[in-house]
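Okay, structure first, notes after.
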């Protein structure tokens with residue numbers, strides 16, 4: 001990582017466009033301070049005529065591509081930095097078969113995550129399933145066990161839902177304090193998409209669930225045969241078997257061709273590459289509900305079957321990647337963010353500018369749907385002063401997002417999963433944004 | 001990685017008091033009750049919504065009958081046998097077979113030690129399988145220098161069935177589902193013995209479908225709510241009824257809620273790929289060219305160990321490491337790749353590869369490391 005001093009930035013700002021390009025070239029890898037620099041250089045700051053307006057532009061004086069150049073369209077080449085990112089520290093020895101990639105939340109608009117940017121966690125690599133060979137078996141405590149091909153499954157009546165998927169380890173690196181200076185790594189283990197498939201209840205009504213069935217095993221067909229136990233009560237409420245993501249086939253990384261969808265619950269429970277559903281009277285004890293995805297408390301005992309992702313929120317502008325370095329005193333600017341709850345629907349979000357001492361109400365905007373990302377907004381007159389900016393969400397189950405201190409007083413520091421406490425961005429005098437935590441720690445002697 | 005700052009011991013008590021005092025009184029408009037027909041009765045402590053009059057919250061839903069929608073067919077007995085292969089805590093699904101811990105050790109050294117370390121002791125960046133303790137589960141790293149809880153099979157896992165099931169389905173990592181029942185028992189026996197798990201107070205020497213059911217894991221009682229038996233689901237419901245159980249203790253205070261300390265990043269983790277950037281420019285032209293067959297095979301069978309040097313394998317792209325290996329001459333290096341050497345299993349464990357294919361892959365690896 002190159003470290004660029006503030007002095008360097010000043011001189012670069014005063015030079016012309018050509019030297020700005022050189023500056024970009026010289027800086028192969030951008031540190032967060034370099035990102036801030038890029039924003040400082042916006043042409044808006046120059047008083048001279050803008051060559052982009054005065055002269056004809058390249059793309060206006062040449063013939064464009066043939067429209068069928070990309071039968072499946074791709075983003076503008078200029079967007080190449082809008083990608084999922086990984087860290088070897090969030091994997092075994094940098095092994096990217098069992099690891100996690102993070103959604104670039106700082107680059108997303110609205111509440112839909114494009115399929116190529118959906119966060120991904122795999123336990124034995126991304127499986128590539130031949131849809132012609134795909135089979136789904138539903139059996140156990142049912143009257144009429146069945147096997148379905150993909151085509152048969154897709155004949156069931158479809159419903160679509162906007163739903164978030166979140167890894168319960170989202171933010172797990174930060175129980176003991178902030179470690180990453182980026183929105184992407186602080187909260188990027190989640191995404192939101194429109195999922196289409198059939199309600200599991202629709203199928204079960206036909207094949208008949210026996211009254212003794214209390215639990216369902218959902219098993220994947222990837223190398224690790226990733227599986228989880230789900231209570232039947234959830235299955236009958238809002239569980240779905242889905243085959244489409246934002247209008248097209250589910251991506252391999254998200255479980256092509258079919259995955260389980262348990263709205264609001266741990267993404268790990270929404271088993272990918274779904275192969276088998278078995279109904280039983282007793283739970284199964286899979287690796288991912290014993291060794292992992294259990295939350296160890298200070299008592300030495302651990303919570304198991306820890307399903308719902310609790311009410312949560314994060315401010316997406318400003319953030320470390322998208323700072324306020326180009327604002328001047330008096331500018332009116334929108335503070336924006338995302339709120340979500342696996343327990344229900346977001347009812348409101350409060351914003352604090354002083355690290356949680358005082359709050360004001362933000363406005364919700366766009367679609368407000370259960371177990372889906374909900375956007376919030378707050379108009380703010382920038383004063384050019386340091387801020388500690390926070391958001392705190394509430395849901396219709398009556399839950400309010402806890403502070404770091406409140407959450408850890410109960411959950412301790414070693415539980416790994418389900419961290420939903422309030423996040424804080426420190427906006428410094430220069431408009432740069434930094435990940436900090438407002439918390440009270442006590443080191444018992 | 002984070003160092004706790006001792007100066008952070010702040011106004012804790014008073015701040016917390018203030019928070020609870022100002023709690024509640026929601027001033028935001030509640031959701032319209034005719035749209036969101038919510039009842040707080042979900043198993044997980046949340047709400048459920050009614051599907052009524054063609055609506056489910058803000059969604060319209062098709063409320064025509066779906067009765068008679070019926071696709072697929074019944075699975076055959078053999079299909080059920082092939083797929084209904086999970087292993088449950090009561091021993092349901094255990095294969096018939098047996099294996100000794102000593103045989104498991106030999107197998108472990110060959111197939112697993114390269115990632116999980118000798119005796120399962122870790123140290124290679126992959127999960128540690130042995131060596132934890134029940135006492136360590138109470139560890140909290142709330143002060144500098146404190147040790148982490150050590151969650152391993154013997155110290156943490158509640159059921160032995162999980163282990164043999166996982167070994168059967170998911171391991172060896174690069175060739176899942178390749179073990180015979182005897183090998184599964186041998187490997188399970190070995191890992192349990194190394195993890196200090198006993199049967200009737202004695203070290204495990206041999207495991208089979210009968211004595212397996214006698215294993216009681218040391219931390220079996222370490223998990224809650226209790227999900228077993230006819231009350232299982234009700235225990236789960238009771239657990240979620242109390243928000244204190246799972247940290248759902250946030251309160252809505254609007255003013256003078258209390259000030260707390262600010263903790264900044266101690267050692268920032270910057271090892272991210274690709275490096276952070278929000279610049280919008282044209283990407284550097286990358287050397288294009290179709291992915292060769294050898295590269296595909298490499299990705300499938302060799303990359304797992306050769307992508308980095310974490311396991312002692314010469315990493316592809318590491319010029320020095322490959323120059324050193326090539327010092328022996330191409331023939332010897334090919335021979336080693338085919339027959340194995342040190343931590344390198346014969347053909348990287350992919351026994352379905354022909355010798356010629358392995359040689360092609362080695363050529364690709366060498367050329368990619370110049």
Exercise. Summing -39500 (n - 2.57) over the DSSP H runs of n ≥ 4 in chain A and dividing by its residue number, what mean residue ellipticity at 222 nm do you reach, to the nearest 500 deg cm²/dmol?
Worked result: -3500 deg cm²/dmol
Problem set entry | Cα-based helix-to-principal-axis angle, B:232-241 vs chain B, degrees rounded to 10 | 50
Seminar exercise, completed: Debye calc, one equal point scatterer per Cα of the stretch A:228-269, no solvent, log10 I(q)/I(0) at q = 0.24, 0.32 1/Å comes to -0.85, -1.15
Problem set entry | the stretch A:89-159: relative contact order in percent, alpha carbon pairs under 8 Å with at least 6 residues between | 23
For this session: Consider just the alpha-carbon atoms of the stretch A:367-441 and return their Rg together with their Dmax, both in angstrom.
Result: 15.0, 40
Exercise. Can you give the Rg and Dmax of the stretch B:142-208 based on its C-alpha atoms, in angstrom?
Worked result: 14.5, 47
Exercise. For the stretch A:260-328 and the stretch B:212-253, what is the separation of their C-alpha centers, rounded to whole Å?
Worked result: 16
Exercise. Which one of B:242, B:208, B:336 has the biggest mean-square fluctuation once chain B is modelled by GNM with Cα springs under 10 Å?
Worked result: B:242
Problem set entry | Quotient of Cα Rg and 2.2 N^0.38 Å for chain A, N being how many residues it contains | 1.08
For this session: Grab every C-alpha pair in the stretch A:115-292, bin the distances at 5 angstrom width from 0 up to the longest one, and report whole percents.
Result: 1, 8, 17, 21, 20, 15, 9, 4, 2, 1, 0
Seminar exercise, completed: The relative contact order of the stretch A:249-387, taking Cα pairs under 8 Å that sit 6 or more residues apart, comes to a percentage of 20
Exercise. Regarding the stretch B:62-198, what is the average projected area of its C-alpha convex hull, in nm²?
Worked result: 14.4
For this session: Counting only C-alpha contacts under 8 Å and six or more residues apart, can you give the relative contact order of chain A as a whole percent?
Result: 15
For this session: Report the paramagnetic label zone for residue A:248: residues of the stretch A:62-76 whose backbone N is under 20 Å from a point 7 Å from Cα along the Cα-to-Cβ axis.
Result: A:65-76
Exercise. In nm, to one decimal, how far is the modelled label at residue B:281 from the one at residue B:254, with both set 7 Å along Cα→Cβ?
Worked result: 4.9
Exercise. For residue B:52 and residue A:210, what does the FRET efficiency come to when R0 = 22 Å and r is the distance between their Cβ atoms, rounded to the nearest 0.05?
Worked result: 0.20
Seminar exercise, completed: extent check for the stretch A:307-445: Cα max minus min per principal axis, descending, whole Å, gives 47, 44, 25
Exercise. Who wins for biggest fluctuation among A:64, A:255, A:280 in a Gaussian network model of chain A, springs between alpha carbons below 10 Å?
Worked result: A:64
Exercise. Counting only other chains, what is the mean number of Cβ atoms within 10 angstrom of the Cβ of each residue in peptide A:167-175?
Worked result: 1
For this session: Please find the FRET efficiency linking residue B:356 to residue B:109, where r is the Cβ-Cβ separation and R0 is fixed at 35 Å, and quote it to the nearest 0.05.
Result: 0.75
Exercise. Rg(Cα) of the stretch A:217-288 divided by 2.2 N^0.38 Å?
Worked result: 1.05
Problem set entry | Label point at residue B:92 placed 7 Å out along Cα→Cβ; residues across the stretch A:245-284 whose backbone nitrogen lies under 13 Å | A:278-284
For this session: Divide the volume of the convex hull of the Cα atoms of the protein assembly as shown by its number of residues and quote the answer in cubic angstrom per residue.
Result: 190
Exercise. Which whole-percent values make up P(r) of the stretch B:293-367 when all C-alpha to C-alpha distances are grouped in 10 Å steps starting at zero?
Worked result: 21, 62, 17, 0
For this session: Treat each spin label as a single point 7 Å out from the Cα along the C-beta direction, and report the residue A:409 to residue B:330 distance in nm.
Result: 7.1
For this session: Just report the Cα centroid separation between the stretch A:90-106 and the stretch B:147-191, whole Å.
Result: 24
Exercise. Other chains near A:348-359: what is the mean number of their Cβ atoms within 10 Å of each residue's Cβ?
Worked result: 4
Problem set entry | Gaussian network model of chain B, springs between alpha carbon atoms under 10 Å - residue of B:249, B:96, B:114 with greatest fluctuation | B:249
For this session: Give me the distance in nm between label points sitting 7 Å out from Cα along the Cα-to-Cβ direction at residue B:85 and residue B:70, one decimal.
Result: 3.2
For this session: Compute the projected area of the convex hull of the Cα atoms of the stretch B:201-330, averaged over all viewing directions, and report it in nm² to one decimal place.
Result: 21.9
Problem set entry | Along principal axes, Cα extents of chain B, largest first, whole Å | 78, 59, 55
Problem set entry | Degrees between helix B:101-111 axis and first principal axis of chain B (Cα, 0 to 90, nearest 10) | 80
Problem set entry | Residue-averaged beta-carbon neighbours from other chains (10 angstrom radius) around A:197-206 | 3
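Readers should treat all values here as calculations from the given coordinates under stated rules, not as data from a laboratory. Being a predicted model, the structure only gives us computed values, none of them experimental. Methodologically, a virtual Cβ is constructed for each residue, glycine included, from the backbone with ideal geometry; neighbour enumeration extends over all protein chains shown.
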